[in-house]
Amino acid sequence: METIYRVMDALLPFEFLRFSFMKNALLAMLLLTPLLSLLGTMAVNQRMAFFSDALGHSALAGVGIGVLLGVRDVTLSLVVFGVLYALIVCVVNHSGAATKDTTISVFSSMGIALGLFLLSRDGRFSSYSSLLTGDILSIGANDLLWLAVSLVVGVGLWAWMYNRLLISAVSPELAESRGIHSRRLEYLFAVLIAVAVMLSIRWVGVLLINALLILPAAAARNVCKSAAQHALLSVIFGVASGVAGLVLSYAFNTGVGAAVVLCAGAIYFVTLLVRRLATH
Amino acid sequence: MNLNEILHHHQPCRLCRISVEDVSVTREGEALLSHVSLHMHCGRLTALVGPNGAGKTTLIRALLGQTPYTGRVRHQDAQGRHLGNIRTGYVPQHFPFDRQMPVTVEDLMAGVLSRRPVWLGVSAPVRAHIREQLTLAHGEALLKRRLGALSGGELQRVLLALALDPLPDLLILDEPVSGVDQNGQGMFLELVEELVHSHHLAVLLVTHDWALVRQYADDVVLLDKTVRADGSPEEVFASDAFSELFPAVRR
């Protein structure tokens, strides 16, 4: 870690990076925004924005169940619960019990309610409230290592399944005719999103995580025409909002997650404007 | 090559054919197709016609291996020897997709043809191959175009290029000209006709457009759960079964 800090001091001699918690926060941003932005491109193409939103909300239930079962490691309970939750939502969606948005809405509210129910016992919810808004300034070296591993593994899996996901997103029928198992792939992708979201959620927050997944990809989609541009622009937008948000929150002494999402939102509206101007 | 051979060059090669033998499809006790037998010859365009609900789509799904059936579909050469499984290519009737999606023709085709994620760029050999396939379908200018920005006719060329890779024994065109203007219809089928001859494909064309059948089909199969008539367009149009099923159509 010390070596990384020294390199950062040499390359980025900024006032806000004097503190090591700010250095850690910046590193965390650089590790978690690229994966979320990349996965976001397909979440947007597959119309899964609502799904990932529900997934984020369910994190509360994940922590609650973890506490109930006496699991010490919050990250572990988050990831395990997130994966199960994603699979259950997929299965219920495909069972055709109700329309997709209804099912997801039911699961989303159940996730929040279960989480609040479990965590608010004896009036102790305040000790978990940092989950809602995230606390990236408290991230430690060990957590950073986890983010780095998840970035590498996540991008690897992403590259492995990308083409098939793309074909399925364009046309499930075409995918089927080419021997692609769209259903299996969709489950796998949902699990990948679940893991990425759950590993990031303690730092970004339940309320804001979905914005970080969806906004950069949605903004990139406004101004690009190919899959490569979509991926590249989404990552650039995601990383830029992450870093800009961190600097803003330092300057105005506000929460980091909120500042990051405001930056991503600003980029989104700019791209919307650019598209308007380009088509007229 | 004598004159006769030249004349016969574009005639049925009859060297190989795809035989549908006694194919039946039943779903929940209802017969969707019963005892369908027909031949499709390579180098010839066979039109599949019939009223709504006649089982045209079911037959296509059976040929594509997407629905279980009884009976046999065989690929034979002139001596009746088996040529193994048939490879089918399919151009769907509808291709609904999200037109806002940032995906180019090249992205789509490279996504089908290779495993290297298309956001890492398309390798030179794959790109060359895609160009070749698009050229076959007269769509070489479409490579870098966004899928959602294509016209109906252009999209059809891209779908044809995909259906031709790998080169199929049987190319199935499911009402391929709906949503395309009259001029586009003719151009597309002329392109298909060219491919039928240059690559000796067997083509099965599902259509309701009698003018197209007259102009482009070599053989016609009239289906209504089972084969009601088959032969040349003239023969089928003159059949009793045709006037029974399509009393309003002028022959």
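The values are calculated or read from the model by the stated rules, or taken from the named source; none is laboratory data. Remember, predicted model here, so these are calculated numbers, not experimental data. No Cβ is skipped: glycine too gets one built from the backbone with ideal geometry, and neighbour counts run over all protein chains shown. Ligands, DNA and RNA are excluded from the accessible area calculation, which covers all protein heavy atoms including side chains. Shrake-Rupley method; radii C 1.70, N 1.55, O 1.52, S 1.80 Å.
Checked against the criterion of being away from every other protein chain (no Cβ under 14 Å) and either among the small types (Gly, Ala, Ser) or open to solvent by less than 30 Å² (accessible area, probe 1.4 Å) (or both), the candidates B:Ala149, B:Ala124, B:Ala110 yield just one match: B:Ala124.
So which of A:Ala175, A:Ala219, A:Ala190 ends up being more than 14 Å from chain B (Cβ to nearest Cβ) and open to solvent by less than 20 Å² (accessible area, probe 1.4 Å)? First the steps, then the outcome.
Values: A:Ala175 fails: more than 14 Å from chain B (Cβ to nearest Cβ); A:Ala219 fails: more than 14 Å from chain B (Cβ to nearest Cβ).
Answer to the check: A:Ala190.
The residues listed here are A:Val235, A:Val247, A:Val170; of these, the one that is crowded, with 19+ Cβ neighbours inside 10 Å and more than 30 Å from B:Tyr90 (Cβ to Cβ) is A:Val235. Whenever a residue of segment B:223-251 is over 12 Å from B:Pro51 (Cα atoms), its partners that are basic (Lys, Arg) and open to solvent by 30 Å² or more (accessible area, probe 1.4 Å), lying with C-beta atoms within less than 6 angstrom and at least six residues away or across chains, give the pairs B:Pro233/B:Arg214; B:Phe237/B:Arg251. In segment B:85-106 there is no residue matching the filter, namely being more than 27 Å from B:Gln156 (Cα to Cα), among the polar types (S, T, N, Q) and either open to solvent by 40 Å² or more (accessible area, probe 1.4 Å) or touching a His at 6+ places or on another chain (Cβ under 9 Å) (or both).
When A:Leu151 is tested against (1) open to solvent by 60 Å² or more (accessible area, probe 1.4 Å); (2) more than 14 Å from chain B (Cβ to nearest Cβ); (3) touching a residue at least 24 places away in the same chain (Cβ under 8 Å), exactly one condition is not met: (1).
On the basis of being free of Cβ contacts under 8 Å to residues at least 12 places away in the same chain and either assigned to a helix (DSSP H, G or I) or farther than 22 Å from B:Met40 by Cα (or both), does B:Glu132 make the cut?
On the way: free of Cβ contacts under 8 Å to residues at least 12 places away in the same chain: yes; either assigned to a helix (DSSP H, G or I) or farther than 22 Å from B:Met40 by Cα (or both): yes.
Yes.
For segment A:131-148, filtering for residues that are over 12 Å from A:Leu32 (Cβ atoms) and either open to solvent by 30 Å² or more (accessible area, probe 1.4 Å) or touching an Asp or Glu at 6+ places or on another chain (Cβ under 6 Å) (or both) leaves 8.
Here are A:Leu199, A:Leu166: which of them is part of a helix (DSSP H, G or I), within 13 Å of chain B (Cβ to nearest Cβ) and aliphatic (A, V, I, L, M)?
Sole residue among the options that is part of a helix (DSSP H, G or I), within 13 Å of chain B (Cβ to nearest Cβ) and aliphatic (A, V, I, L, M): A:Leu166.
Which residue is nearest to A:Ala219 (Cα to Cα), if the candidates are limited to segment B:97-107 and must be at the interface with chain A (Cβ under 7 Å from one of its Cβ atoms) and not in a loop (DSSP other than H, G, I, E, B)? Per the criteria, the residue is B:Thr104. If you filter segment A:178-187 down to residues that are in a helix (DSSP H, G or I) and not charged (D, E, K, R), you find that the one that is least open to solvent (accessible area, probe 1.4 Å) is A:Leu185.
Any residue in segment B:69-89 that is part of a strand (DSSP E or B) and within 14 Å of chain A (Cβ to nearest Cβ)? Yes, segment B:69-89 has at least one match.
Cβ-Cβ contacts under 9 Å between residues 6 or more apart (or on different chains), taken from a first residue in segment A:82-109 that is open to solvent by 40 Å² or more (accessible area, probe 1.4 Å) to a second residue that is among the acidic types (Asp, Glu) and at pLDDT 90 or above, are listed as A:His94/A:Glu186.
Looking at B:Thr46, B:Thr57, B:Thr104, B:Thr70, can you tell me which residue is out of contact with any helix residue (DSSP H, G or I) (no Cβ under 8 Å at 6 or more places or on another chain) and over 15 Å from B:Glu175 (Cβ atoms)?
On the way: B:Thr46 fails: over 15 Å from B:Glu175 (Cβ atoms); B:Thr57 fails: over 15 Å from B:Glu175 (Cβ atoms); B:Thr104 fails: out of contact with any helix residue (DSSP H, G or I) (no Cβ under 8 Å at 6 or more places or on another chain).
After applying the criteria, what remains is B:Thr70.
A:Leu199 meets all of the listed conditions (1) in contact (Cβ under 8 Å) with a residue 12 or more places away in the chain; (2) closer than 23 Å to B:Leu120 by Cα; (3) open to solvent by 10 Å² or more (accessible area, probe 1.4 Å) but one, namely (2).
Taken over segment A:117-148, the criterion of being more than 21 Å from the chain's Cα centre (by Cα) and of a type outside the set (S, T, N, Q) is satisfied by A:Phe117, A:Leu118, A:Leu119, A:Arg121, A:Asp122, A:Gly123, A:Arg124, A:Phe125. The residue list B:Ala137, B:Ala161 contains one member that is without any contact (Cβ under 8 Å) to a residue 60 or more places away in the chain, under 26 Å from B:Thr57 (Cβ atoms), away from chain A (no Cβ under 14 Å) and open to solvent by less than 10 Å² (accessible area, probe 1.4 Å), which is B:Ala137.
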